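*Asks:* Encoded as structure tokens, here's the structure I'll be asking about.
The values are calculated or read from the model by the stated rules, or taken from the named source; none is laboratory data. From a predicted model like this one, the values you see are computed outputs, not experimental measurements. Please note: Cβ atoms are built from the backbone with ideal geometry, for glycine as well, and neighbour counts cover all protein chains shown. Ligands, DNA and RNA are stripped out before the accessible areas are found, and what is left, the full protein with its side chains, is counted by its heavy atoms. Shrake-Rupley method; radii C 1.70, N 1.55, O 1.52, S 1.80 Å.
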Amino acid sequence: MTFLWFSPDPLGREPLSTVLLDRHGRLLGARLASDGQWRFAPADSLPEKYVAALLAYEDKRFRWHPGIDPIAVSRAIFQNIRAGKIVSGGSTISMQLARISVRYKNRGLKHKIAEAWLALSIELKYSKKSILRHYASVAPFGGNINGLHAASWRYFGHPPELLSWAEAALLAVLPNSPANIHPEKNVGQLQQKRDRLLRKLHRMGKISSTDLELALTEPLPQGRYTFPDLAPHFLEQARKEGKTGFIHSTLDADVQQIVLQMAENQRLNVSPTFVHNLAVIIRETETGNIIAYMGNAHPQSKVPGCHNDMAASMRSPGSMLKPLLFASALDEGLIHPQSLLPDIPSWWGSYSPRNFDNSFSGAVEAQTALQRSLNIPFAWLLKEYGIEKFINQIHAMGFSGFKKSAEHYGISLILGGAEVNLLELTKIYARLARQALHGDGSFPLSHEACRLTAEALTGLNRPETVVTSFDAEVKLPLAWKTGTSFGQRDAWAVGFNPHYVIGIWVGNADGSGRPGLTGASAAGPLLFDLAFALMRNQDFFPPASLLPHRYQICQLSGYSPGPDCPTISVVGTPAGSKVKTCSFHQLITTDTTSHWRISEGCRPPFPTKRQTWFVLPPVMSYYYQIANSAYRPLPPLFPGCNSSPYQIMDFAYPPANASIFLPRDFSGNMHPTVFVLIHQQADLSVHWHLDGNYIGTTTGPEHRMPILADAGEHVVTVVDESGQRLSRKVFFLNPKPGRH
């Protein structure tokens, strides 16, 4: 007996298929085992119908024999002697399991003895339940189909748990001669064997007369079913990682089906523009678990780049990091959602970001900048927050990229100058959503900052393509953001609420851009299709007005009220956060009609009054009043009042101490650089000087002066009619070889 216990174990050596199951145990897809066979891992349990049919057909004394059935062996010997040839082997299920596992090429007497020996060893080491499980996982069912699970799916299109009596009986008899009798060969003989077993089960009292009658009329399967393949990129990644057997995922087959259908419809919508690839990730907000994973179009579709898993591919995120900077700046006390940010022509070295529509607002509320996804205000916000500090912050959030220095990324970091993938992006947004809901101690953003960010993101208008697609009365609580990378190579959309996070990427796997490819037009419609399917009439985050921490802000500027702020609002804010004091409201002296401004020490021949005035810097003021007709720039100084503490003109280009390559045409001729000055008083002329020499006069409010100078350091000085003076130092550089 000891020898039997320590004999080689033949079980568990067979390579297994990789089988993907959803959260409810439903089959999502499978891949062949390394030997080209369909062979699923042993199941935890077997359906009672199959066990009853198997034991009735193969081994009715299985429950008590030690691996060899003396009665069956004796009967087989008698039958073989009487027939003059081998017509019965007397094999038990344990002996068949030994034979399948060892795979002897010959079936002589010594091999039968070896099988019996191994059967005894198996019986000593394993329980009867385990032996049945192993046999059911490796038994041959025709072709390259091995095991009950694979056979049930291939022949009937459903798991063994749903087998009927007729199906269970068929699978019980199939391994007896799978090469010669199966659903595609000698079907008549197969049905006779199945029906004999069904009648035997009836005689044994296992099935009723009604069940027998129904089972006998049930047709045999016609051919083979194809395994479902609902998450091919997810499954392929698991296979590449060496995973075999059953993979119990958090995916949901029902949601996966919805995603595949809607995503394919959207892919077909964008394919005429030569955009071919699309990825979708849906997570549960509360757990972060992935419930739907579409890495791309199905690999069998022959769509260009369809084999690439774009959900896991690193791509430029466009504007998708802006909400994270917004929330970080709220926590830092740099802004409140209503705080004004600059939206003016701006330069950081040679880098000059532009808004998507090439417009300027002068000054814009931070939450409006987020909702409109304006680039320039967020470039200023990143500069104030700190690039290196923000890199450390997004690492703490859970991003694995961003491994280069702050100098490498520069201001472009917030506008898509680094790379992320959809898997990580949806994971971080899920954490932000959880923090907005009830707080998550491991996330480096406060509950209040995330709540304010989520509320700001609900203010976005839906893409025009979906506004009329659904009933306007349907409640759709969704915070969402789109993004478009430089060169229109990547279109993104992420939406979330307390229940789900939906992330979408659209583009081309080869990185090629396409005109018109934007997050709003390519990814936004699919986001709302999926949101209406999953999120309609769900609850949203409690309003930010209910936040316990209250704070006063200047209503017009969004910063802490200064002594001259005329109107104050009380708002929710992160605990301990206090934004800087408003510097835009100033107390000035004017005449009683507010037409003239009176400087300190000036004595006009008329009554004056003191009043609060909303004063923006000259460049901000110029663009702000274009977009805001109610804005009143500073009144002009009364003639004779020649001094003023306020700067009423400023250079819009170039930035201070800029290094500028001298522009040349293809013939090598040098062209002037155009300097731009903004003056708040449109009727005043400005006189220009280069290195102290007068070069011309312009009228405004936007003054442009072409300046031609040799390489080197130069100073440009402007003087307006009131005597105000402003200078800017620049460095002209000769162009690099081949630049012109």
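*Asks:* Skipping prolines and chain starts, which residues have an amide H placed within reach, meaning under 5 Å, of the one on residue 583, given they are 5 or more residues away or on another chain?
*Replies:* Correct list: empty.
*Asks:* Which of the pairs 49/112; 302/322; 302/427; 128/193; 185/302; 481/578 have their Cα atoms more than 32 Å apart in this structure?
*Replies:* 302/322; 185/302
*Asks:* All other residues with a Cβ under 13 Å from the Cβ of residue 588 taken together, and with Lys, Arg as +1 and Asp, Glu as -1, what is their net charge?
*Replies:* Working: positive: 597, 609, 610, 632; negative: 564, 591, 600.
After counting each charged neighbour, the total is +1.
*Asks:* Angle check, please: helix 187-203 long axis (alpha carbons) against the longest principal axis of the chain (alpha carbons), in degrees 0 to 90, nearest 10.
*Replies:* The angle comes out at about 80 degrees.
*Asks:* On full extension of the chain, what length is gained from residue 180 through residue 674, given 0.36 nm per residue of separation minus the C-alpha to C-alpha distance?
*Replies:* Numbers: separation 494, 0.36 × 494 = 177.84 nm, distance 8.80 nm.
Full extension from residue 180 to residue 674 adds 169.0 nm.
*Asks:* About its Cα centre, what dipole magnitude does the chain give when the only charges are +1 on Lys and Arg Cβ and -1 on Asp and Glu Cβ, stated in debye to the nearest 20? Present the calculation step by step, with values, prior to reporting the outcome.
*Replies:* On the way: 71 positive and 59 negative charges, 743 e Å.
For this selection, approximately 3560 debye.
*Asks:* Something else now. Taking a label point 7 Å from the Cα of residue 682 along the Cα→Cβ vector, which residues of segment 564-606 have an amide N closer than 20 Å to it?
*Replies:* Inside the label zone: 594-597.
*Asks:* Taking θ = phi - 60°, what integer Hz values does the Karplus form 6.51 cos²θ - 1.76 cosθ + 1.60 yield along segment 548-562, in sequence order, with x for Gly and Pro?
*Replies:* x, 8, 10, 8, 8, 9, 5, 4, 8, 9, x, 10, 4, x, x
*Asks:* How much area per residue is accessible in the chain when the probe is 1.4 Å and only protein heavy atoms are counted (Å²)? Please report the intermediate quantities before stating the final value.
*Replies:* Values: 32950 Å² over 740 residues.
Value returned for the chain: 45 Å² of accessible area per residue.
*Asks:* Give the list, by residue number, of cysteines in the chain with no other Cys Cβ closer than 4.7 Å, or say none.
*Replies:* 306, 450
*Asks:* Taking the dipole about the Cα centre of the chain, with the C-beta of Lys and Arg at +1 and of Asp and Glu at -1, give me whichever of 685, 165, 614 is farthest to the positive side.
*Replies:* 165
*Asks:* For segment 584-740, with only Lys/Arg (+1) and Asp/Glu (-1) charged at the beta-carbon, what is the dipole magnitude about the Cα centre, in debye rounded to 20? It would help to have the intermediate numbers written out before the result.
*Replies:* Working: 12 positive and 11 negative charges, 60 e Å.
Computed about the Cα centre, the dipole is about 280 debye.
*Asks:* Okay, moving on. How far, in nm, would the chain grow between residue 284 and residue 392 when pulled straight, counting 0.36 nm per residue and subtracting the alpha carbon separation?
*Replies:* Working: separation 108, 0.36 × 108 = 38.88 nm, distance 2.63 nm.
Value of the extension gain: 36.2 nm.
*Asks:* Near residue 626, within a Cβ-to-Cβ distance under 14 Å, what is the net charge of the other residues, with Lys and Arg +1 and Asp and Glu -1?
*Replies:* Working: positive: 632; negative: 343, 357, 702.
It works out to a net charge of -2.
*Asks:* Right, something else. Based solely on its DSSP helices, what 222 nm [θ] is calculated for the chain when runs of n ≥ 4 H residues each add -39,500 (n - 2.57) and the sum is averaged over all residues, nearest 500 deg cm²/dmol?
*Replies:* Numbers: 22 runs with 233 residues, N = 740.
One gets -9500 deg cm²/dmol as the mean residue ellipticity at 222 nm.
*Asks:* Another one. State the percentage of accessible surface on the chain attributable to carbon and sulfur atoms; use a 1.4 Å probe and exclude ligands, DNA and RNA.
*Replies:* 52
*Asks:* Considering only the other residues whose Cβ falls under 12 Å of the Cβ of residue 449, what net charge follows from Lys and Arg at +1 and Asp and Glu at -1? All intermediate terms of the calculation are to be shown ahead of the outcome.
*Replies:* Numbers: positive: 451; negative: 331, 332, 448, 455.
My count for the surroundings of residue 449 gives -3.
*Asks:* When we measure straight from the Cα of residue 580, which aspartates and glutamates land under 16 angstrom away, once same-chain ones fewer than 8 places off are left out?
*Replies:* The qualifying aspartates and glutamates are 331, 332, 365, 384, 564.
*Asks:* Per-residue accessible area for residue 651 at 1.4 Å probe radius, Å² rounded to 10?
*Replies:* Accessible area, nearest 10 Å²: 10 Å².
*Asks:* Among 268, 250, 289, pick out the residue whose Cα is farthest towards the positive end of the charge dipole of segment 227-295, where Lys and Arg carry +1 and Asp and Glu carry -1 on C-beta, about the Cα centre.
*Replies:* Going by the charge dipole, the pick is 268.
*Asks:* Which residues' amide hydrogens lie under 5 Å from the amide hydrogen of residue 707, considering only partners 5 or more residues apart or on another chain, with H built in the peptide plane?
*Replies:* Amide H neighbours of residue 707: 673, 674, 675.
*Asks:* Working with all protein chains in place, sort 609, 427, 128 by solvent-accessible area computed with a 1.4 Å probe, largest first.
*Replies:* Numbers: 609 75, 427 100, 128 45 Å².
Sorted descending by solvent-accessible area, the residues read 427, 609, 128.
*Asks:* If the cut-off is 17 Å between C-alpha atoms, which lysines fall inside it for residue 403, apart from same-chain ones fewer than 8 positions away?
*Replies:* Of all the lysines, those that pass the test against residue 403 - Cα under 17 Å, at least 8 places apart if same chain - are 389.
*Asks:* Another one. Check the straight Cα-Cα distances from residue 125 and name the aspartates and glutamates below 13 Å, setting aside those fewer than 8 residues away within the same chain.
*Replies:* 9
*Asks:* Explain nothing, just the number: dipole magnitude of segment 124-264 about its Cα centre with +1 on each Lys and Arg Cβ and -1 on each Asp and Glu Cβ, in debye rounded to the nearest 20. Before the final figure, lay out each step's value.
*Replies:* Details: 17 positive and 13 negative charges, 208 e Å.
Taking the Cα centre of segment 124-264 as origin, the dipole is about 1000 debye.
*Asks:* Compactness ratio of segment 613-660: Cα Rg over 2.2 N^0.38 Å, N = residue count? Can you show the working numbers first?
*Replies:* Details: Rg = 13.3 Å, N = 48, 2.2 N^0.38 = 9.6 Å.
Expressed relative to 2.2 N^0.38 Å, the Cα Rg reads 1.39.
*Asks:* Which three numbers, in whole Å and largest first, are the semi-axes of the equivalent ellipsoid of the chain derived from its Cα gyration tensor as √(5λ)?
*Replies:* On the way: eigenvalues 1230, 140, 87 Å².
Over the Cα atoms of the chain, the semi-axes work out to 78, 26, 21 Å.
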